[in-house]
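Q: Pasting a structure here, questions to come.
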Amino acid sequence: MKLIVQVPCHNEAATLAGVLASVPRALPGFHAVELLVIDDGSDDGTAEIALAAGAHHLLRLPQRQGLARAFAAGLDRALDLGADVIVNLDGDHQYDGADIPALVAPIQRGEADLTLGDRRTATLSHFSPSKKMLQRWGSRIVAWLSGVHATDVTTGFRAHSRALAAALLIVGDYTYTLETLVQAGQRGARVVSVG
């Protein structure tokens, strides 16, 4: 199996090298682990840093298209590159690449089509009480719409099986997290929260 870790980013020169360094270069059950950076029209040297920091693949969008478009372009490229599992990892170092083995394990075991890295938002000190409340209510609404029960529906740290990634259709420009979760639920995909 081949794992591609995609990192969509816009002007993440300050954090990208650390993000890429945190990703394990080999994992049990995968014959290859490759890094794909999607540069969403950055003007701060993000693309050059990506290559210098060990990205195997670089997809440069000529102008900023928004996170959802960069995410979708990354999925398409990862599928073209033969990925069996695709992990999304944000370029701002919000998540730790060292957590990827736990994130992909349910997919490897055939127990999930999509895994979500749960940030445990209720315990995050940098989330205001109102943001925590919105997160709780948003998760409930998305659960109701999609049939998927997850506590962190907006997490960008997620892993997709090849089959689910190929079936997703991203229509928004900015965010993809809720849209893809609703689609996964409507398709009867198995969704697991990890963390």
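The values are calculated or read from the model by the stated rules, or taken from the named source; none is laboratory data. These figures come from a predicted structure and were not determined experimentally. Cβ atoms come from the backbone with ideal geometry, glycine included; neighbour counts cover every protein chain shown.
Q: Of the numbered conditions (1) modelled with pLDDT under 95; (2) closer than 21 Å to Thr155 by Cβ; (3) not β-branched (Val, Ile, Thr), Pro62 satisfies every one except a single condition; which is it?
A: The failed condition is (2).
Q: In addition: For the stretch 28-85, which positions are among the small types (Gly, Ala, Ser) and closer than 13 Å to Val5 by Cβ? Spell out how you get there, then give the answer.
A: Step one: filter the stretch 28-85 for residues among the small types (Gly, Ala, Ser), giving 29, 32, 41-42, 45, 47, 50, 52-55, 66, 68, 70, 72-74, 78, 82-83.
Matches in the stretch 28-85: Ala32, Ala50, Ala53, Gly54, Ala55, Gly74, Ala78, Ala83.
Q: So, Leu178, is that one outside any loop (DSSP other than H, G, I, E, B), of a type in the set (A, V, I, L, M, F, W, C), closer than 26 Å to Asp80 by Cα and under 16 Å from the mean Cα position of the chain (by Cα) or not? Give the derivation first.
A: Details: outside any loop (DSSP other than H, G, I, E, B): yes; of a type in the set (A, V, I, L, M, F, W, C): yes; closer than 26 Å to Asp80 by Cα: yes; under 16 Å from the mean Cα position of the chain (by Cα): yes.
The answer is yes for Leu178.
Q: If I filter the stretch 15-22 for residues that are surrounded by 22 or more Cβ atoms within 10 Å (Cβ to Cβ), under 16 Å from the mean Cα position of the chain (by Cα) and under 22 Å from Thr175 (Cβ atoms), do I get at least one hit?
A: yes
Q: Could you tell me which of the residues Asp90, Asp96, Asp84, Asp76 is at pLDDT 85 or above and farther than 20 Å from Cys9 by Cα? Let's see the steps before the verdict.
A: On the way: Asp90 fails: farther than 20 Å from Cys9 by Cα; Asp96 fails: farther than 20 Å from Cys9 by Cα; Asp76 fails: farther than 20 Å from Cys9 by Cα.
Criteria check complete, one pass: Asp84.
Q: Need pairs with beta-carbon distance below 6 Å; first residue over 21 Å from Asp99 (Cα atoms) and within the stretch 28-54, second part of a strand (DSSP E or B) and of a type in the set (D, E, K, R); sequence gap 6+ or separate chains.
A: Asp39/Arg60; Thr46/Asp39; Ala47/Asp39; Ala47/Arg60
Q: Take the residues of the stretch 105-153 that are within 30 Å of Pro24 (Cβ to Cβ) and among the hydroxyl-bearing types (Ser, Thr, Tyr): which is modelled with the highest pLDDT?
A: Only one residue fits best here, namely Thr115.
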